[in-house]
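The values are calculated or read from the model by the stated rules, or taken from the named source; none is laboratory data. Bear in mind the structure is a predicted one, so any value in this text is a computation, not a measurement. Cβ: placed from backbone, ideal geometry, glycine included. Neighbour counts: every protein chain shown. Note: areas computed on protein heavy atoms with side chains; ligands, DNA, RNA excluded. Shrake-Rupley method; radii C 1.70, N 1.55, O 1.52, S 1.80 Å.
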Amino acid sequence: MYNFSYSNPTKLIFGKDQISKLSEELPSGANILMIYGGGSIKQNGVYNKVIDALRGFNCIEFSGIEPNPHYETCMKAVEVVKGKNIDFILAVGGGSVVDAVKFIAAAALYEGTDAWDIVAKGAKVKSAMPFGVVLTLPATGSEMNSGSVITRAADKNKLGWGSYKVYPTFSILDPTVTFSLPKKQIGNGVVDTFVHTTEQYLTFDVDAKLQDGFAETILRALVSDGPKALADPQNYDVRANLMFAATLALNGLIGLGVPQDWATHEIGHELTANYGLDHGQTLAIVLPGVLTVLREQKQDKIAQCGRNVFQINEQNIDNQINKTIAAIENFFETMGISTHLSSYGIGAEAADLVSNRLAERGWVIGEKQNITPKIVKEILLLRK
Ligand code: NZQ
Ligand code: ZN
């Protein structure tokens with residue numbers, strides 16, 4: 001196991017009716033900016049619950065954060081924060097709203113000339129506005145981590161960044177608010193959680209028994225309860241398990257002291273930026289390709305995943321790996337998320353485009369930093 005240090009300051013408030021606790025978490029007398037997305041919260045009752053809980057506070061709203069949030073939209077919110085003397089931000093939505101709020105919180109106090117440098121150049125975030133979260137879509141783990149992914153629409157750059165300064169102060173997770181998710185978003189969320197876990201688990205063995213065990217438990221919970229959420233959308237326990245799984249998959253815990261991959265995410269972000277696919281869809285396409293092309297390097301862990309998650313016990317290692325990769329792909333399809341580019345009307349030319357984009361950035365990715373743009377092309381050609 002590698003050395004590590006860990007601290008996570010986000011307070012989690014989990015369960016039914018917990019949005020009513022919101023006022024206890026907010027600084028008294030604060031000027032609050034509530035930020036949300038395209039309006040799903042007005043249809044499913046979350047907006048009214050939040051407004052009720054905010055009674056007595058000064059609060060103004062900023063809406064219209066889009067999925068895969070745009071830098072351009074975030075900068076409009078930064079103007080509101082500065083112009084209206086805001087001192088606390090409340091994110092109400094899925095990963096896109098939370099990621100946008102992280103960027104807004106940092107950009108509002110950024111002293112440099114161009115806030116995009118925070119995302120594109122890793123400019124240091126010396127301070128950020130405090131913010132809390134009411135989460136509506138379990139997927140990204142953004143509610144309990146310090147990462148954010150922002151897209152600059154002008155030049156189709158979708159990039160991740162992070163800072164210890166942008167952990168949420170608190171996150172309220174009420175599984176009942178996820179009852180209203182469209183089936184596609186249930187599938188996307190389960191696939192995203194699955195792939196966050198594999199990015200930190202399907203690498204090479206460093207004898208990290210706890211981390212492997214946590215990862216396998218998350219994967220088994222997804223395989224068990226993901227399809228149940230599609231079949232029985234109002235099942236509270238199923239939604240609670242999926243929601244907590246998503247948080248634990250990317251709050252730092254399972255990645256402590258182990259090698260991490262993230263190639264599937266890097267390739268997936270290019271597919272979203274250039275073709276508009278949902279984040280979860282891109283991962284369902286790419287992961288089986290990464291595992292196939294990197295099968296030798298990852299073979300011990302793929303075989304272990306087969307045994308401990310999918311109960312596959314082949315004597316022959318090639319059979320074990322083939323069956324495990326097939327089981328993962330089949331699981332994504334069971335969740336209603338197609339695993340091939342052609343299902344989304346995208347041709348083989350995507351392999352060249354994505355590989356060229358990564359080459360322009362000079363990126364070589366994966367847990368051994370050996371996935372070159374040429375190998376990225378090979379991966380995507382397998383996923384036509
Ligand atoms: O915008 P509204 O109207 O709210 O609708 C949203 C949106 O259209 C809708 N939705 C959310 N909660 C709902 C709901 N509809 C009905 N009922 C509810 N309870 O779902 C749609 C998708 O929402 P979005 O927030 O975009 O989804 P998700 O949570 O999957 O976030 C995706 C973004 O997170 C980034 C992705 O790249 C992408 O930009 N990621 C962030 C990470 C992080 N910060 O650590 C890690 C991830 O790997 C990921 O890259
Ligand atoms: Zn993800």
Self-check item: DSSP-defined beta bridges in the chain - what % are antiparallel, rounded to 5
Solution: 25
Quiz prompt | Rounded percent of accessible protein surface that carbon and sulfur make up, the chain, 1.4 Å probe | solution = 49
Self-check item: Compactness of the range 158-230 as Cα Rg over 2.2 N^0.38 Å, two decimals
Solution: 1.34
Quiz prompt | Gap separating the Cα centres of the range 316-346 and the range 8-86, nearest whole Å | solution = 38
Quiz item: Which is the longest stretch in the chain that no exposed loop site breaks, taking sites as GluC sites (Glu not before Pro) with a DSSP loop state and at most 16 other Cβ atoms within 10 Å?
Solution: 112-295
Self-check item: Under 16 Å from the Cα of K82 - lysines, other chains or at least 8 residues apart
Solution: K102
Exercise. Could you sort out which of K121/K156; K76/K183; K184/K368 sit more than 23 Å apart by Cα distance in this structure?
Key: K76/K183; K184/K368
Quiz prompt | Over the range 136-192: Kirkwood hydrodynamic radius from C-alpha pairwise inverse distances, Å | solution = 13.2
Quiz item: Angle between the Cα long axis of helix 209-231 and the longest principal axis of the chain, 0 to 90 degrees, nearest 10?
Solution: 80
Quiz item: With the other protein chains left in place, how much accessible area per residue, in square angstrom, belongs to the chain at a 1.4 angstrom probe?
Solution: 40
Practice problem: With 10 Å bins from zero, work out the P(r) of the range 41-199 over every alpha carbon pair and list the percent per bin. | Solution: 10, 40, 36, 12, 0
Quiz item: For the range 6-73, what log10 I(q)/I(0) values come out of the Debye formula at q = 0.11, 0.17, 0.18, 0.22 1/Å, with one point per alpha carbon and no solvent?
Solution: -0.34, -0.79, -0.87, -1.13
Quiz item: Cα axis of helix 299-310 to longest principal axis of the chain: angle in degrees, 0 to 90, nearest 10?
Solution: 70
Exercise. Pop out the ³J(HN,Hα) list for the range 113-123 in order, Karplus 6.51 cos²θ - 1.76 cosθ + 1.60 with θ = phi - 60°, rounded to Hz; leave Gly and Pro as x.
Key: 7, 10, 5, 4, 4, 4, 7, 7, 10, x, 4
Exercise. Pop out the ³J(HN,Hα) list for the range 87-102 in order, Karplus 6.51 cos²θ - 1.76 cosθ + 1.60 with θ = phi - 60°, rounded to Hz; leave Gly and Pro as x.
Key: 10, 8, 10, 10, 8, 10, x, x, x, 5, 5, 5, 4, 4, 5, 4
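How long are the three semi-axes of the equivalent ellipsoid of the range 191-269, in whole Å, if each is the root of 5 times an eigenvalue of the C-alpha gyration tensor, listed from largest down?
24, 14, 9
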Practice problem: In Å and from the alpha-carbon atoms only, list the Rg and Dmax of the chain. | Solution: 20.3, 66
Quiz item: Alpha carbon centre of the range 243-298 versus the range 94-145: separation in Å?
Solution: 21
Quiz item: By how many degrees, between 0 and 90 and to the nearest 10, does the Cα long axis of helix 349-361 differ from the longest principal axis of the chain?
Solution: 70
Quiz item: Cα atoms only, the range 274-317: Rg and Dmax in Å?
Solution: 13.4, 42
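Starting from the Cα-Cα distance between Q234 and Q311, subtract it from 0.36 nm times their residue separation and give me the gain in nm to one decimal.
Contour length minus Cα-Cα distance gives 24.9 nm.
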Quiz item: Can you give the convex hull volume of the alpha carbon atoms of the range 154-301 per residue, in Å³?
Solution: 138
Quiz prompt | Kirkwood-type radius of the range 284-378, with distances r between different C-alpha atoms, in Å | solution = 14.5
Quiz prompt | Value at 222 nm in deg cm²/dmol, rounded to 500, when DSSP H runs of n ≥ 4 in the chain each add -39,500 (n - 2.57) | solution = -14500 deg cm²/dmol
Self-check item: Convex hull projection area averaged over all views, the range 1-117, Cα basis, nm²
Solution: 9.8
Quiz item: Using a basic spin-label model with each label point 7 Å from the Cα along Cα→Cβ, how many nm lie between L382 and N58?
Solution: 5.7
